[in-house]
Amino acid sequence: MTSEGWPKPALQADIPAIECPSNVLDWLENLPSPVLDIASKIADYGGGIWIVGGAVRDACLGLKVHDIDFAVSLEPQHMMEIFPDSIPTGIEYGTVSLRGGNQFYEATTLRTESDYEDGRRPEQVHWGVSLSEDLERRDFTINAMAIDIGRKVMHDPHHGLQDIERGMLRAVGQAYRRIAEDGLRILRAYRFLDRGSAGVWQFDFELSEALRQNAHMLKAVTHERIWMEWLKILNGRNVAPVVEKMAHDGVLDCFMPGEWRSQHLRIAALSHPYVHDFDGLTRLALLLAECFSIEVEESLQALKMSKKERTYILDLHGRFGSLPKASLASMRVFRAVLEQHAEQHLKLEIVLRNHTIRPSMGSGKESADDVYALLESLDELAPLKNGNQSLVDGHWIMQRTGLAKGRALGRLKAWLHRLQIERDLADANEVESVLCSLHWTEENHLDWPKLQFPD
Ligand code: ATP
Ligand code: MG
């Protein structure tokens with residue numbers, strides 16, 4: 001029976017159905033209407049359609065579902081005829097993206113795969129009509145469940161629900177084979193250990209062994225895919241225990257510089273309460289604090305992350321170990337240069353000191369308590385009267401000094417800007433008085449201070 005507004009049942013699966021847990025039924029009641037429309041259309045054409053993958057897993061876990069993916073029995077060409085505005089986003093693997101409201105839904109034709117020759121991607125994909133076979137090719141039991149939308153029932157041939165209850169990650173079928181087929185599954189496995197506020201899951205014994213024996217398989221995975229998963233792990237709530245396990249199992253060594261099994265101090269730093277509010281990139285910078293910048297640069301480059309991400313990490317790394325002086329002037333410069341990152345920088349310095357991590361660039365003698373004091377004074381630092389923008393421009397300086405455009409003019413402008421920030425100057429008249437007191441005609445302009453941190 002279908003309730004009003006619900007799609008009529010589509011093609012039935014070739015495996016037995018079970019009842020949905022009550023939280024999943026509640027979730028199904030509130031499915032977005034485009035999902036119901038898509039399901040109705042497929043049913044009209046005699047096809048089968050199931051919600052699969054992460055959406056089913058997250059609905060069962062009671063988590064917010066971010067995107068809904070479908071498995072369908074109709075072939076991609078047929079799907080594109082039924083949904084003329086769909087986009088063939090991964091047609092060779094049977095995936096088309098269906099428009100629904102202002103969102104896209106990925107629908108992938110049921111398939112079987114064979115011969116992962118290179119540990120990356122299946123050599124051949126065959127369209128099928130068997131949901132059972134389609135679920136068999138998936139990585140972990142919690143990702144191998146399906147929901148029949150029209151009948152409001154589930155298919156869970158690999159007992160993913162039971163594993164959710166036990167808090168256990170288990171491979172579909174033989175763990176060793178599953179992992180050897182596609183090295184990326186190694187990182188996916190560690191990512192799924194982190195269950196956010198519900199804590200950290202465990203691997204079942206067979207999977208745990210398979211991961212350790214196959215860690216080297218990660219070398220066959222493209223760096224872009226590694227970085228996508230690694231960043232998700234780094235952003236996870238329980239990053240410290242997950243990364244600790246990756247280090248212990250020899251997984252980190254495959255894409256992070258150095259030897260990680262013995263790096264307990266660096267990894268323990270990830271469990272510092274401040275780290276909770278740091279993003280994944282900042283956490284990665286922290287892990288790399290003791291590495292030389294050249295090593296950091298090379299390893300980030302190898303991971304093929306975006307230039308923006310790389311620059312962010314390298315900037316953090318380059319500042320490790322540097323602190324502003326406790327003076328008002330120094331704190332003002334520090335805040336003006338780092339802006340919204342100033343507080344985080346001091347917190348990172350506290351984490352480094354609390355965990356006796358020695359940045360490769362060296363650091364001063366200040367203790368964690370000294371840095372706490374700086375953090376407090378940053379908090380109490382009054383806003384500048386005129387913000388961080390320079391009160392005068394090059395033209396203004398040229399008129400008063402007779403300097404022509406060039407290096408010296410630029411450096412004098414930077415020097416005045418620094419003094420403006422240090423002394424919290426209120427207007428151009430005050431800048432003029434300061435200019436009159438500078439011996440800029442006598443000194444080498446390359447020695448003039450700039451607005452920068454570290455100095
Ligand atoms: P996320 O919450 O990050 O989207 P997900 O499990 O949904 O996690 P997707 O990449 O969206 O990840 O993949 C959807 C589904 O496809 C997975 O749940 C799983 O069933 C299957 N899958 C994805 N990647 C692999 C893989 N490397 N090997 C086997 N199955 C995979
Ligand atoms: Mg997904």
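When you go through H159, H155 one by one, which is the residue that is at pLDDT 95 or above, surrounded by 22 or more Cβ atoms within 10 Å (Cβ to Cβ) and in the same structural domain as I49 (by TED's automatic domain parsing)? Steps first, please.
Details: H159 fails: surrounded by 22 or more Cβ atoms within 10 Å (Cβ to Cβ).
So the residue among H159, H155 that is at pLDDT 95 or above, surrounded by 22 or more Cβ atoms within 10 Å (Cβ to Cβ) and in the same structural domain as I49 (by TED's automatic domain parsing) is H155.
Can you tell me which of I68, I82 is more than 11 Å from ligand 2 (Cβ to nearest atom) and β-branched (V, I, T)? It would help to see each step written out before you state the result.
Details: I68 fails: more than 11 Å from ligand 2 (Cβ to nearest atom).
The conditions single out I82.
Could you pull out the residue among I51, I87, I68 that is modelled with pLDDT of 95 or more, more than 30 Å from G167 (Cβ to Cβ) and in the same structural domain as A144 (by TED's automatic domain parsing)?
Numbers: I51 fails: more than 30 Å from G167 (Cβ to Cβ); I68 fails: more than 30 Å from G167 (Cβ to Cβ).
When all the criteria are applied, what remains is I87.
Return yes when S299 is in contact with a Pro (Cβ under 7 Å, 6 or more places away or on another chain), among the hydroxyl-bearing types (S, T, Y) and surrounded by 15 or more Cβ atoms within 10 Å (Cβ to Cβ) and no when it is not. So that I can check it myself, show each step before the final result.
Numbers: in contact with a Pro (Cβ under 7 Å, 6 or more places away or on another chain): yes; among the hydroxyl-bearing types (S, T, Y): yes; surrounded by 15 or more Cβ atoms within 10 Å (Cβ to Cβ): yes.
Yes.
Being open to solvent by less than 50 Å² (accessible area, probe 1.4 Å), within 13 Å of ligand 1 (Cβ to nearest atom) and either assigned to a strand (DSSP E or B) or touching a residue at least 12 places away in the same chain (Cβ under 8 Å) (or both) narrows it down to one of I179, I164, so name that one.
Details: I164 fails: within 13 Å of ligand 1 (Cβ to nearest atom).
Just a single option satisfies the conditions, and that option is I179.
List pairs: first in the range 380-395 and within 16 Å of A414 (Cα to Cα), second polar (S, T, N, Q), Cβ under 9 Å, 6+ apart or cross-chain?
Qualifying pairs under 9 Å: S390/Q420; L391/Q420; V392/Q420.
Please identify the pairs in which a residue from the range 212-227 that is part of a helix (DSSP H, G or I) has its Cβ atom under 9 Å from the Cβ atom of a residue that is of a type in the set (D, E) and surrounded by fewer than 18 Cβ atoms within 10 Å (Cβ to Cβ), counting only partners at least 6 apart or on another chain.
Once the first residue is part of a helix (DSSP H, G or I) and sits in the range 212-227, its partners that are of a type in the set (D, E) and surrounded by fewer than 18 Cβ atoms within 10 Å (Cβ to Cβ) give A215/D253; A220/D118; W227/E309.
Please verify whether R261 is surrounded by fewer than 17 Cβ atoms within 10 Å (Cβ to Cβ) and either farther than 23 Å from Q340 by Cα or over 16 Å from the mean Cα position of the chain (by Cα) (or both), treating the condition exactly as stated.
Values: surrounded by fewer than 17 Cβ atoms within 10 Å (Cβ to Cβ): yes; either farther than 23 Å from Q340 by Cα or over 16 Å from the mean Cα position of the chain (by Cα) (or both): yes.
Against the criterion (surrounded by fewer than 17 Cβ atoms within 10 Å (Cβ to Cβ) and either farther than 23 Å from Q340 by Cα or over 16 Å from the mean Cα position of the chain (by Cα) (or both)), R261 qualifies.
Of all residues in the range 40-58, which are near ligand 2 (Cβ under 10 Å from one of its atoms) and of a type in the set (D, E, K, R)?
Of everything in the range 40-58, those that are near ligand 2 (Cβ under 10 Å from one of its atoms) and of a type in the set (D, E, K, R) turn out to be R57, D58.
Do you know which residues across the range 246-258 are closer than 19 Å to S208 by Cα and open to solvent by less than 70 Å² (accessible area, probe 1.4 Å)? Even if it seems obvious, please write down each step before you answer.
Filtering the range 246-258 for residues closer than 19 Å to S208 by Cα gives 246-254.
Correct list: M246, A247, D249, G250, V251, L252, D253, C254.
The values are calculated or read from the model by the stated rules, or taken from the named source; none is laboratory data. If you're wondering where the values come from, they're calculated on a predicted model, not measured in any experiment. Heads up, the Cβs are rebuilt from the backbone with ideal geometry, glycines too, and the neighbour counts pull from every protein chain shown. Note: accessible area is taken over every heavy atom of the protein model, side chains too, but ligands, DNA and RNA are not part of it. Shrake-Rupley method; radii C 1.70, N 1.55, O 1.52, S 1.80 Å.
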